[in-house]
Amino acid sequence: TERFDIVSDFTRQHKATEDELIARITLLDSTITDLKDQKELSTLALRETIKERDHYIALKQREYEEQEKKMREMEAEFTHMLADTQNKMTDRVEATLRQTAEEAGDLE
């Protein structure tokens, strides 16, 4: 019976250890599943963030290009206005010089 008691003790101890290990494996499996789910959610969030970033960058690029186009148009318009003003001033100066020359010729 002593031998039976020893075998029973070992069997009970083995069964308790086995139950502990099964509980630990179950807990670790649950942890792994949770971590996989978190990883998947993080990956999806990252993809969405990248998509939003790319959209924002494209939007800003379009705005930049539109502003650059407006600046070129304004530059061309200003250049044209400046040339017109210069031509008008040149015409006025020439007219004033002619008038002054004519008046000087009349005085002689």
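What to note about this one:
- Among the residues listed as Glu18, Glu52, the single one being within 34 Å of the chain's Cα centre (by Cα), surrounded by 10 or more Cβ atoms within 10 Å (Cβ to Cβ) and modelled with pLDDT of 95 or more: Glu52
- Test: residue in the range 5-12 that is outside any helix (DSSP H, G or I) and either touching a helix residue (DSSP H, G or I) at 6+ places or on another chain (Cβ under 7 Å) or open to solvent by 100 Å² or more (accessible area, probe 1.4 Å) (or both): no
The values are calculated or read from the model by the stated rules, or taken from the named source; none is laboratory data. Keep in mind that this is a model prediction, so the values were computed, not measured. For neighbour counting, all protein chains shown are included, and Cβ atoms are generated from backbone atoms with ideal geometry for every residue, glycine included. Accessible surface is based on the protein model in full, side chains and every heavy atom, while ligands, DNA and RNA are left aside. Shrake-Rupley method; radii C 1.70, N 1.55, O 1.52, S 1.80 Å.
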